[in-house]
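Here is the structure we will look at.
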Amino acid sequence: MAISFYHILGLVLSILLIEVVGIMSVRRVKNESDFNTGGGRAGTWVVTGTIIGTLVGGQSTVGTAQLAFSFGISAWWFTMGMALGCVALAIGYVIPLRRSGSTTLLEIVRKEYGRKAEMTGSVLCSLGMFISIIAQVLSASALLMTLFNIPFWACAILSAIIMTLYVVFGGLWSAGIGGVVKIILLCLSALAAGAVVLALSKGYSGLMDAINHVLLNTDVQSVDGMNTIQDVNHKYQNIFARGVSKDVGSCLSVILGVLSTQTYAQAIWSGRSDSVARKGAMISALISIPIGFACVMVGMYMRAHYITADELNALMAIGKDIPSGLGVMTSSAQAFPMFVTNHLPKFLGGIVLGTLLITIIIGGSGLTLGASTILVKDVFKPNNKLLISRITIVGIQIVAVVVAASFSGRYINDLGFLSMGLRTTATFVPLTLALFYPGRFKPKWVFISIIFGTACLIAGEFVSLPVDSIYFGLIGSLSCCLIGLKYEKRIRK
């Protein structure tokens, strides 16, 4: 893999562009309201940019390509869940959120169910967002390692510094305006990458023929256990390759996670009208789908032409050599960046590399902004909220770098699904009850539901069952609320 002058030029120019956007956004930040919700003056495309800027991050691009390398089209569930979550946000939640008079989701919960529910939900929701920030750091590190062949820790630190500089000055205006720039670049880059894959493979059927060849007619089959065409098709052309309950559950966790995430609510509150906010969410849904499909195609193309270092070591252990014509990459997380550097024209590749890094930066920055907003407004409650918000952003990124080293072997999208699940059990049920069924549920039962639902979710992560842990979390949380409702009715009688 050779990184040319054009690759570096495109990368550097893209980073400079997005950092300039972030720093210029400082002029729009006069107070805490401007920093957190843009002062409620944003138009449709800034709302869209804020949502897409965070939603389509490393998990949606690098993570989706990584999962597609191993499981084919079922990797599309993450971005399909994103799109469905945006639709649900636009149709069901825009009006209630904007009429709540709040600036955080957990503030809505506090107004209905008290301080204990708010504090507990804030901590757990921030933990969920923090896990997603770690996934962004891992994604950015995989990209930088591919480009510069430098150690993981150095890449992680550099990633965190860029994310911090981007959002610490401009807050939501950085995330929104930068997101508009990102939408244009990302759509062009993803569509170009997908088109190149189909052109190089001579269509989707040619792509599957290449995957079949690698997994059935080379020594790789002795490592991956693919013995027949049916085996390959079942894994790579099956939308439920990881199991119906697992894949549907993963999609559900993303849908509910979108509805439970502070950053997307901030985008809705930033819109200058209900119509603007709703249009921004719907446009975000439409943009997510083709980007996800293109990243799936990239991951599958890399499966047809590359093996991982672990696969190479396994082949060598049984006395086999690397099959002719296949490349080697350190890990499957490098599928997208290595495709760009090795298979796109250099100038276009440079633009795409820069866009990919921008995608990860804005995604991580938006999540960091959301987590810091929750902690500052719902937990810390300082006098100088703007200063403490910026300090909290720096602190979150420092801790993310330290923790990311422990997760470097995980699928990036698995961290994304877990993150969305934690946000769901901590926020979705109490938020939905507060918005649509006020006065029906007692605070103590909602508080218990937050604790119990999250405990069920975490327990499900450690139990080897063929279902997604989000089911455990949702059932546990809802059960507590319904039991409490029935119990209180009996007491009143």
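The values are calculated or read from the model by the stated rules, or taken from the named source; none is laboratory data. Small disclaimer: the values here were computed from a predicted structure and weren't measured. Cβ coordinates were reconstructed from backbone atoms using ideal geometry, including for glycine residues, and neighbour counts include every protein chain displayed. Heads up: the accessible areas ignore ligands, DNA and RNA and are worked out on the full protein's heavy atoms, side chains in. Shrake-Rupley method; radii C 1.70, N 1.55, O 1.52, S 1.80 Å.
Each row is one residue, and each column tells you yes or no for (1) open to solvent by less than 10 Å² (accessible area, probe 1.4 Å); (2) among the aliphatic types (A, V, I, L, M).
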residue	(1), (2)
255	no, yes
267	yes, yes
274	no, no
281	yes, yes
285	yes, yes
293	no, no
299	yes, no
308	no, no
313	no, no
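Look through 110, 115, 98 and report the one residue that is open to solvent by 10 Å² or more (accessible area, probe 1.4 Å), touching a strand residue (DSSP E or B) at 6+ places or on another chain (Cβ under 9 Å) and of a type in the set (D, E, K, R). Spell out how you get there, then give the answer.
Details: 110 fails: touching a strand residue (DSSP E or B) at 6+ places or on another chain (Cβ under 9 Å); 115 fails: touching a strand residue (DSSP E or B) at 6+ places or on another chain (Cβ under 9 Å).
It is 98.
Of the numbered conditions (1) within 23 Å of residue 233 (Cα to Cα); (2) surrounded by fewer than 16 Cβ atoms within 10 Å (Cβ to Cβ); (3) of a type in the set (Asp, Glu), residue 321 fails exactly one; give the number of that condition.
(1)
In the list 141, 122, which residue meets the criterion of being assigned to a helix (DSSP H, G or I), surrounded by 24 or more Cβ atoms within 10 Å (Cβ to Cβ) and touching a Lys or Arg at 6+ places or on another chain (Cβ under 9 Å)?
Numbers: 141 fails: touching a Lys or Arg at 6+ places or on another chain (Cβ under 9 Å).
Of the residues listed, the single one that is assigned to a helix (DSSP H, G or I), surrounded by 24 or more Cβ atoms within 10 Å (Cβ to Cβ) and touching a Lys or Arg at 6+ places or on another chain (Cβ under 9 Å) is 122.
Please tell me if residue 215 is surrounded by 24 or more Cβ atoms within 10 Å (Cβ to Cβ) and either in contact with a helix residue (DSSP H, G or I) (Cβ under 7 Å, 6 or more places away or on another chain) or basic (Lys, Arg) (or both). Spell out how you get there, then give the answer.
Values: surrounded by 24 or more Cβ atoms within 10 Å (Cβ to Cβ): no; either in contact with a helix residue (DSSP H, G or I) (Cβ under 7 Å, 6 or more places away or on another chain) or basic (Lys, Arg) (or both): yes.
No, not satisfied.
Looking at region 396-410, is at least one residue open to solvent by less than 10 Å² (accessible area, probe 1.4 Å) and either at pLDDT 85 or above or of a type in the set (S, T, N, Q) (or both)? Working first, answer last.
Step one: filter region 396-410 for residues open to solvent by less than 10 Å² (accessible area, probe 1.4 Å), giving 397, 400, 404.
Among the residues that remain, those that are also either at pLDDT 85 or above or of a type in the set (S, T, N, Q) (or both) are: 397.
The answer is yes, given that some residue of region 396-410 is open to solvent by less than 10 Å² (accessible area, probe 1.4 Å) and either at pLDDT 85 or above or of a type in the set (S, T, N, Q) (or both).
Name the residues in region 230-253 that are touching a residue at least 24 places away in the same chain (Cβ under 8 Å) and open to solvent by 30 Å² or more (accessible area, probe 1.4 Å), would you?
Of everything in region 230-253, those that are touching a residue at least 24 places away in the same chain (Cβ under 8 Å) and open to solvent by 30 Å² or more (accessible area, probe 1.4 Å) turn out to be 233, 235, 237, 238, 239, 240, 242, 245, 246, 248, 252.
For region 151-172, what are the residues that are open to solvent by 10 Å² or more (accessible area, probe 1.4 Å), over 19 Å from the mean Cα position of the chain (by Cα) and modelled with pLDDT under 80?
Answer for region 151-172, where residues must be open to solvent by 10 Å² or more (accessible area, probe 1.4 Å), over 19 Å from the mean Cα position of the chain (by Cα) and modelled with pLDDT under 80: 165, 168, 169.
Do we find that residue 51 is of a type in the set (Val, Ile, Thr) and closer than 20 Å to residue 424 by Cα in this structure?
Values: of a type in the set (Val, Ile, Thr): yes; closer than 20 Å to residue 424 by Cα: yes.
Spelling it out, residue 51 is indeed of a type in the set (Val, Ile, Thr) and closer than 20 Å to residue 424 by Cα.
If residue 365 satisfies all but one of (1) in a helix (DSSP H, G or I); (2) open to solvent by 10 Å² or more (accessible area, probe 1.4 Å); (3) more than 17 Å from residue 123 (Cα to Cα), what's the number of the condition it fails?
(2)
Which condition breaks for residue 202 when tested against (1) in contact (Cβ under 8 Å) with a residue 12 or more places away in the chain; (2) on the phi > 0 side of the Ramachandran plot?
(1) is the only condition that residue 202 fails.
Out of 360, 318, 322, I need the residue that is closer than 22 Å to residue 190 by Cβ, in contact with a helix residue (DSSP H, G or I) (Cβ under 9 Å, 6 or more places away or on another chain) and aliphatic (A, V, I, L, M). Which one? Steps first, please.
Numbers: 318 fails: closer than 22 Å to residue 190 by Cβ; 322 fails: closer than 22 Å to residue 190 by Cβ.
Testing whether each residue is closer than 22 Å to residue 190 by Cβ, in contact with a helix residue (DSSP H, G or I) (Cβ under 9 Å, 6 or more places away or on another chain) and aliphatic (A, V, I, L, M) leaves just 360.
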